[in-house]
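Some notes on the structure that comes next.
The values are calculated or read from the model by the stated rules, or taken from the named source; none is laboratory data. Every value quoted in this text rests on a predicted model; they were computed, and no experiment measured them. Cβ atoms come from the backbone with ideal geometry, glycine included; neighbour counts cover every protein chain shown. Accessible surface is based on the protein model in full, side chains and every heavy atom, while ligands, DNA and RNA are left aside. Shrake-Rupley method; radii C 1.70, N 1.55, O 1.52, S 1.80 Å.
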Amino acid sequence: MTSILKPEGDWLSKVEEFFNNDEPVALPTETVYGLAAPISRPKAIAKIFDLKNRPTFNPLIVHLKKDWDIFNWVEKLTDVESKLIEKFWPGPLSLVLPKKNIPDICTASSKFVVLRAPKNKIFEQVLDGYGVPLAAPSANTSTRLSPTTAIRVQEDLGERGLKAIVDGGRSSEGLESTIVQVVNEKLRILREGALSDEELVLAGFEIDKSYQPQVTAASGDVMPGQGKHYAPLVPLVVMDDPQKWVSYFSNKKLLFLKILESDAPGLKPFNQKAQFVVLSQNDLKEAAFELFETLRLAETEVEQIVVLKTKDIGLGRAINDRLRRANG
Ligand code: TXA
Ligand code: MG
């Protein structure tokens, strides 16, 4: 049985008790729900890999408070890294940094750790209460969609033996954090996410546009997660040409999904039996917020999802990245 804790009364001491018994707890963050355990409890960390069915060579993001002394956990910071932290923490920016005092089990033996300070009161209260950084990958089984509500966590991990979830309502961003590595003062985007390139550039940072995420880690030092991810339980087809919708005649139950109405104004799929959903009129933030929840709903109701990709602008890049990876 999974307990779903409301953040009231003695919820915090209950969470701490689970941790002290080496049980991970799913917690809300502003991006997606995370499956959290203190880095000081290796047995609890091992259970994260177990519950998620995640290979132990895939490292975990470690979460801390912005006002903690980061030099307890990293060897050094460059000027650019310090400025990124100053500007964007707490928030959906994860940074690859040279680690200190972080157990190898969290980082798959890499000398680097990916750190972030989440912007969510509940998660921050747990950090303050326990006083130790929390490793927390998204609270889904490997390759599945990231959850943005407590109930989606329960559906996915409840039967696998997750003991507790704190229900903090829906995640406000709905997309995972952006993972950045700074090399020669330029930013490599290892994973597109809730913080867009445009926002980073507007704040005065330079993005290394020539950098393409590696499929395998050439140096053996950094291994951003690649491959099939974020997949709904039913097949998902991504299209770049809205006219192709016409070709989807099928006896299957279909969902046609438009990210933004403005991507193909007025255009509807010509298939009367199918469902048709538009995530937002013209607001990528709203579309990102709706994306995973819409896919989760769809996978119980339809047999195939056909989605029109959006423009590669702002959060559109992260949304298209998730769709591409859901597809294969
Ligand atoms: O928004 C988020 O980032 C959410 C919330 C819960 O914080 N977390 C999240 O974690 O998305 P996860 O584990 O689902 O995705 C983290 C990605 C993985 O692809 C992993 O391979 C990569 O970050 N990663 C983690 N630590 C790393 C490291 N030391 N070096 C390279 N890549 C790393
Ligand atoms: Mg994940």
Handout entry: Residue match in region 224-237 (condition: open to solvent by 80 Å² or more (accessible area, probe 1.4 Å) and modelled with pLDDT of 90 or more)
Key = yes
Handout entry: Out of 124, 86, sole residue that is more than 27 Å from residue 291 (Cβ to Cβ), of a type in the set (Asp, Glu) and modelled with pLDDT of 95 or more
Key = 86
Handout entry: Residue count for region 1-19, restricted to those that are more than 17 Å from residue 131 (Cα to Cα), open to solvent by 40 Å² or more (accessible area, probe 1.4 Å) and not in a strand (DSSP E or B)
Key = 6
Problem - Complete set of residues in region 125-143 that are open to solvent by less than 10 Å² (accessible area, probe 1.4 Å) and more than 16 Å from ligand 2 (Cβ to nearest atom) - result: 126, 127, 133
Fill in the blank from the handout: The residue that is surrounded by the fewest Cβ atoms within 10 Å (Cβ to Cβ), considering only those in region 84-109 that are without any contact (Cβ under 8 Å) to a residue 40 or more places away in the chain and in a helix (DSSP H, G or I), is 86
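Looking only at residues in region 151-182 that are part of a helix (DSSP H, G or I) and touching a Lys or Arg at 6+ places or on another chain (Cβ under 9 Å), which one is nearest to residue 316 (Cα to Cα)?
Once the filter is applied, the top-ranked residue is 152.
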Exercise for the section: State which residue pairs qualify: first residue touching a residue at least 60 places away in the same chain (Cβ under 8 Å) and open to solvent by 20 Å² or more (accessible area, probe 1.4 Å) and inside region 144-160, second residue assigned to a helix (DSSP H, G or I) and within 13 Å of ligand 1 (Cβ to nearest atom) in any location, beta carbons under 7 Å apart, and separation of 6 or more residues or different chains. Expected result: 144/156; 160/51
Practice task
Please name all residue pairs, on different chains or six or more residues apart, with Cβ atoms under 6 Å, provided the first residue is in region 237-252 and is under 20 Å from residue 300 (Cα atoms) and the second residue is part of a loop (DSSP other than H, G, I, E, B) and at pLDDT 85 or above.
Solution key: 238/309; 252/303
Completion exercise
Scanning region 24-77 residue by residue, those away from ligand 1 (no atom under 12 Å from the Cβ), farther than 21 Å from residue 95 by Cβ and open to solvent by 30 Å² or more (accessible area, probe 1.4 Å) turn out to be 40, 41, 42, 43, 46, 47, 50, 53
Exercise for the section: Could you tell me which numbered condition residue 270 fails, if it satisfies all but one of (1) modelled with pLDDT under 95; (2) over 30 Å from residue 52 (Cα atoms); (3) touching a Lys or Arg at 6+ places or on another chain (Cβ under 9 Å)? Expected result: (3)
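To keep it simple, each residue is scored yes or no on (1) among the small types (Gly, Ala, Ser); (2) touching a Gly at 6+ places or on another chain (Cβ under 9 Å).
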| position | (1), (2) |
| --- | --- |
| 99 | no, no |
| 118 | no, yes |
| 134 | no, yes |
| 141 | no, no |
| 158 | yes, no |
| 171 | yes, no |
Exercise for the section: For region 5-22, state whether one or more residues are within 30 Å of residue 288 (Cα to Cα), touching a residue at least 60 places away in the same chain (Cβ under 8 Å), touching a strand residue (DSSP E or B) at 6+ places or on another chain (Cβ under 6 Å) and within 16 Å of ligand 2 (Cβ to nearest atom). Expected result: no
Exercise for the section: Being assigned to a helix (DSSP H, G or I) and either out of contact with any helix residue (DSSP H, G or I) (no Cβ under 8 Å at 6 or more places or on another chain) or surrounded by fewer than 18 Cβ atoms within 10 Å (Cβ to Cβ) (or both) is the filter here, so list the residues in region 294-303 that pass it. Expected result: 294, 297, 298, 299, 300, 301
Practice task
Give me the pairs, please: first residue somewhere in region 261-280 and within 22 Å of residue 315 (Cβ to Cβ) and in contact (Cβ under 8 Å) with a residue 24 or more places away in the chain, second residue anywhere and of a type outside the set (Val, Ile, Thr) and surrounded by fewer than 18 Cβ atoms within 10 Å (Cβ to Cβ), beta-carbon distance under 8 Å, and either six or more positions apart or on two chains.
Solution key: 263/242; 263/311; 264/242; 267/242
Practice task
Working only within region 156-187, note down all residues that are more than 13 Å from ligand 1 (Cβ to nearest atom), charged (D, E, K, R) and within 21 Å of residue 288 (Cα to Cα).
Solution key: 167, 170
Exercise for the section: Would you tally the residues in region 144-177 being more than 16 Å from ligand 2 (Cβ to nearest atom), under 17 Å from the mean Cα position of the chain (by Cα) and on the phi > 0 side of the Ramachandran plot? Expected result: 1
